[in-house]
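Novice: Quick one: this structure, given as structure tokens, is what I'll be asking you about.
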Amino acid sequence: MLLAGGLAGCEAAYQIAKRGIKVKLYEMKPKKFSPAHQNKNLAEIVCSNSLKSNLLTNACGLLKEELRKLDSLLIKCADETKVAAGQALAVDREKFSELVTKNIMNNPNIQVINKEFTNILSNNYNDVITIISTGPLTSEKLSEQIAKLTGEDKLYFYDAAAPIIEKDSINMNIAFWGDRYSQEKKKDETIEQWKNRLLKEEKNYINLPMNKQEYEIFISELINADIVEPHKFEKKEIFEGCMPIEVMAKRGIDTLRFGPLKPVGFDDPRIGKRPYAVVQLRQDNKEGTFFNMVGFQTNLKFGEQKRIFRMIPGLENAEFLKYGVMHRNTYINSTKLLDQTYRLKINRNIFFAGQITGVEGYVESISSGMVAGINAVNLFKKQSPVIFPNTTIIGALAKYISTPNEKFQPMNANFGILPELDKKIKDKKERYKKLAERSLINFINI
Ligand SMILES: Cc1cc2nc3c(=O)[nH]c(=O)nc-3n(C[C@H](O)[C@H](O)[C@H](O)COP(=O)(O)OP(=O)(O)OC[C@H]3O[C@@H](n4cnc5c(N)ncnc54)[C@H](O)[C@@H]3O)c2cc1C
């Protein structure tokens, strides 16, 4: 049984059906629509029509290549309905959904039932292998049931995430380590003693100092930047919860200097004085290779985030592993609840797939549908699970969402989630090329 016919669900249904097993696919459209869905077809693309880069030196490009090797229906349909978009794979969204729908509807092993599914807890489904892929806008009734099923008080409802940056791309000639107050030079310390103490101190935060001119130019660009308008249904709750950085900046030139960019408790080691403002970066993964921008939840368009945040001294060459987003997003705490095959630990007949698992993005959702679909079949046939190597993006994503992490946030495909290469390569393009080569060599074809 499969709930429901979005990107992840259609991929999973196809993978199961092509292995000769019957699937019942419940999809609430066209009887009921989420606030972002409008089209009666399956696999609706709700926002941008881009499935991102096709280049192998881009993690999402590599993920698509891995999915092509696994005979992904959705990537095949995307390739067949693509529109000109340079190195990116962008699709004609209507044609894409139509083609996926045709493939699913014409498949003799798939029965589509247009109905909102609301009762996952019913005893009738205890022995039925089920994949739940109802997406970031899962209907309310089912969300309540999923919360009960997973034993959680509630699901996460909003993804208000700040950008995440690759540590190696930060200019450490400008940036400096240290926590607020303990980093500051003490009155009785010489410069030498201060610098020696800083070298020994615990390294939690990276700080980016700004002078007055740099700060003012940054604020001016920030308040004039292009933003993604939130949907009507998102506006109220997002603004109550946590305010986007650009909205804060619009409240007055000094608002950020007295808020997330306050310089109190820091001295810039280059000048031995308190900077005018400080952007803080907080460690985001165990290995210390990802850092998030503290307080930078934002609705800026991705291109604008890259342009404007790179104006912050020390971030001129920053690589963004993930851009900031603020949108309604229902997802479960997969790091606690799922294993690497997207299977629920406390109910072994249930899998989750798609954005509801905390993978972020169209292609990432398709990839989890692929893994859950293949493994649902293996469970049905009483065969061993298929775990993709963590040197592949499909495997690394599955590992990421199923590894304990108190700061769990939805994650898109990026090279930072892969294990490092045996030999360190400084040049980024060369490093990505080698990571892609390793992934394709290690890839297991099913
Ligand atoms: C507003 C918004 C904009 C986004 N923009 C982008 C973007 O530009 N680029 C990007 O890469 N990602 C984007 N995402 C993130 C994500 O990649 C997409 O949401 C993607 O479609 C997720 O795929 P999915 O299969 O998990 O869910 P979906 O594609 O949303 O499919 C879920 C399906 O479940 C159905 N459903 C829900 N509840 C029930 C129920 N109880 N019973 C039966 N059917 C049900 C829905 O009708 C829907 O068809 C966006 C997300 C949102 C919410």
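Novice: Please name whichever of PHE290, GLY272, LEU337 sits farthest to the positive end of the charge dipole of the chain, dipole taken about the Cα centre and charges placed at Cβ: Lys and Arg +1, Asp and Glu -1.
Specialist: Working it through, the farthest residue towards the positive pole turns out to be LEU337.
Novice: Quick one: dipole size for the range 259-323, taken about the Cα centre, charges +1 on Lys/Arg Cβ and -1 on Asp/Glu Cβ, in debye to the nearest 20. Present the calculation step by step, with values, prior to reporting the outcome.
Specialist: Numbers: 11 positive and 7 negative charges, 32 e Å.
For this selection, approximately 160 debye.
Novice: Another question, if that's okay. What's the FRET efficiency of VAL247 with GLU140 using the Cβ-Cβ distance as r and R₀ = 22 Å, to the nearest 0.05?
Specialist: Values: r = 28 Å, r/R0 = 1.25.
The pair VAL247/GLU140 has a calculated efficiency of 0.20.
Novice: Size of the dipole of the range 321-446 about the Cα centre, Lys and Arg at +1 and Asp and Glu at -1 on the beta carbon, nothing else charged, in debye to 20?
Specialist: 140
Novice: Can you give the accessible area per residue of the chain, in Å², using a 1.4 Å probe?
Specialist: Spelled out: the 1.4 Å probe surface of the chain, per residue, equals 46 Å².
Novice: Taking 0.36 nm per intervening residue step and subtracting the Cα-Cα distance, what contour gain separates ARG68 from LYS407 on full extension?
Specialist: Full-extension gain reported as 118.9 nm.
Novice: Same structure again: Check cross-link reach from LYS428 to the lysines: straight Cα distance under 28 Å, and skip same-chain residues fewer than eight apart.
Specialist: Reachable lysines: LYS52, LYS64, LYS69, LYS167, LYS203, LYS286, LYS301, LYS306, LYS322, LYS399, LYS407.
Novice: Mind checking the full-extension length gain between ARG348 and LEU199? Use 0.36 nm per residue of separation minus the Cα-Cα distance, one decimal, nm. Don't skip to the end; give the middle numbers.
Specialist: On the way: separation 149, 0.36 × 149 = 53.64 nm, distance 4.90 nm.
That works out to 48.7 nm of additional length.
Novice: Over all directions, average the projected area of the Cα convex hull of the range 2-54 and note it in nm².
Specialist: Approximately 4.6 nm², given one-decimal rounding.
Novice: First select every other residue whose beta carbon is under 15 angstrom from the beta carbon of ILE308; then total the charges, Lys and Arg +1, Asp and Glu -1.
Specialist: On the way: positive: LYS250, LYS301, LYS306, ARG307, ARG310; negative: GLU214, GLU216, GLU221, ASP226, GLU246, GLU304, GLU316.
Around ILE308, the surrounding residues sum to -2.
Novice: Let me ask something else. Looking at the chain, send over the antiparallel percent of its DSSP beta bridges, to the nearest 5.
Specialist: 70
Novice: Any idea what the relative contact order of the chain is, in percent, if you count C-alpha pairs under 8 Å spaced at least 6 apart? It would help to have the intermediate numbers written out before the result.
Specialist: On the way: 857 pairs, mean separation 96.3, N = 446.
Here the relative contact order equals 22 percent.
Novice: While we're on this one: Tell me the net charge near ASP254. Cut-off is 13 Å between Cβ atoms, ASP254 excluded, with +1 for each Lys or Arg and -1 for each Asp or Glu.
Specialist: Once all neighbours under 13 Å are counted, the net charge is +4.
Novice: Then there is this: Would you mind checking which residues have amide H under 5 Å from LYS273's amide H? H placed 1.01 Å from N; only 5 or more apart, or other chain.
Specialist: ASP268
Novice: Next up: Which FRET efficiency, nearest 0.05, do ILE227 and ALA84 yield, Cβ-Cβ r, R0 25 Å?
Specialist: Computed FRET efficiency for ILE227 and ALA84: 0.40.
Novice: From the helices alone, meaning DSSP H stretches of at least four residues, give me the mean residue ellipticity at 222 nm for the chain, per-run term -39500 (n - 2.57), in deg cm²/dmol to the nearest 500.
Specialist: Result for the chain, helices only: -10000 deg cm²/dmol.
Novice: Moving to a separate point now. Counting Lys and Arg as +1 and Asp and Glu as -1, what is the net charge of the other residues whose Cβ lies under 13 Å from the Cβ of PRO275?
Specialist: Once all neighbours under 13 Å are counted, the net charge is +4.
Novice: Let me ask another. Hey, can you grab everything whose amide H is under 5 Å from the amide H of LYS52? Only 5+ residues off in sequence or another chain; H modelled, so Pro and N-termini drop out.
Specialist: LEU89
Novice: Could you work out which residue, out of GLU189, GLU166, GLU11, moves most in a Gaussian network model of the chain, that is, has the largest mean-square fluctuation with Cα springs under 10 Å?
Specialist: GLU189
Novice: Straight-line reach from LYS250: which aspartates and glutamates have Cα under 13 Å away, leaving out those fewer than 8 places along the same chain?
Specialist: Cross-link targets: GLU216, GLU221.
Novice: Can you tell me how much longer the chain between GLU192 and ASN123 gets when fully stretched, taken as 0.36 nm per residue apart minus their C-alpha distance, in nm with one decimal?
Specialist: Full extension of this stretch gives 17.8 nm more.
Novice: Which value in nm describes the separation of the simple spin-label points at SER50 and ASP179, placed 7 Å from the Cα toward the beta carbon?
Specialist: That separation, rounded to one decimal, is 4.0 nm.
Novice: Using alpha carbon coordinates only, what is the Rg to Rh ratio of the range 164-326, with Rh defined as the Kirkwood radius?
Specialist: 0.99
Novice: With no solvent and one point on each alpha carbon, what is the Debye value of log10 I(q)/I(0) for the chain at q = 0.06, 0.09, 0.10 Å⁻¹?
Specialist: So the normalised log intensities work out to -0.28, -0.61, -0.74.
Novice: Calculate what fraction, in whole %, of the accessible area of the chain sits on carbon and sulfur atoms when a 1.4 Å probe is rolled over the protein chains. Write out the running numbers ahead of the final one.
Specialist: Details: 10330 of 20370 Å².
It is 51 percent, rounded to a whole number.
Novice: Skipping prolines and chain starts, which residues have an amide H placed within reach, meaning under 5 Å, of the one on THR138, given they are 5 or more residues away or on another chain?
Specialist: THR330
The values are calculated or read from the model by the stated rules, or taken from the named source; none is laboratory data. Since the structure is predicted, the reported quantities are computational estimates derived from the model, not experimental observations. In this analysis, Cβ positions are derived from the backbone assuming ideal geometry, glycine residues included, and neighbour counts consider all displayed protein chains. Calculation scope for accessible area: heavy atoms of the full protein, side chains included, ligands and nucleic acids excluded. Shrake-Rupley method; radii C 1.70, N 1.55, O 1.52, S 1.80 Å.
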